[in-house]
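The structure under discussion appears below in the form of structure tokens.
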Amino acid sequence: MAIYTTGPIDNSSFMGVRETQIVTVNIVNRDAINPYNLVIQGFVLDVVRTMYVNETVNLAPNQVLTKNYFADLD
């Protein structure tokens with residue numbers, strides 16, 4: 001099983017506004033035969049790590065999927 005991660009993304013506010021409001025995830029299954037299942041997880045890193053996105057996605061062969069997630073968080 002492959003794991004892909006961005007690592008922590010700094011979204012601190014500047015003058016009361018955060019630079020990033022939405023995170024877009026583009027997923028491509030380039031396999032012509034096999035479908036794939038994956039899990040998308042998003043966390044807020046504060047004093048504790050809190051999961052706020054946990055979604056299972058099923059991709060058909062040659063399917064492209066774009067998902068948008070709320071990101072107006074530190």
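The values are calculated or read from the model by the stated rules, or taken from the named source; none is laboratory data. Being a predicted model, the structure only gives us computed values, none of them experimental. Here the Cβ positions follow ideal geometry from the backbone for every residue, glycine too, while neighbour counts run over all protein chains shown. SASA here: full protein model, heavy atoms, side chains in, ligands and nucleic acids out. Shrake-Rupley method; radii C 1.70, N 1.55, O 1.52, S 1.80 Å.
Just a few scattered comments:
- With 0.36 nm allotted per residue and the present C-alpha distance subtracted, the residue 72-residue 32 stretch has 10.7 nm of extension available.
- For region 17-30, Karplus couplings with θ = phi - 60° (6.51, -1.76, 1.60), whole Hz, Gly/Pro x: 10, 8, 5, 10, 9, 9, 10, 9, 10, 9, 10, 10, 9, 8
- On full extension, the segment bounded by residue 49 and residue 4 gains 14.4 nm, given 0.36 nm per residue less the C-alpha separation.
- Taking amide H positions as modeled 1.01 Å from N, with prolines and chain starts lacking one, the residues under 5 Å from residue 59 and 5 or more places away or on another chain are 36, 37, 38.
- Per residue solvent-accessible surface (Å²) - the chain, probe of 1.4 Å: 83 Å²
- Two-site FRET efficiency, residue 21 against residue 56, from Cβ-Cβ distance with R₀ of 30 Å, rounded to 0.05: 0.75
- Accessible surface of the chain, 1.4 Å probe: 54 percent of it comes from carbon and sulfur atoms.
- Classification of region 1-49 by its C-alpha gyration tensor yields a prolate form. The axis ratio a/c (a ≥ b ≥ c) is 1.5 or more, and a/b outweighs b/c.
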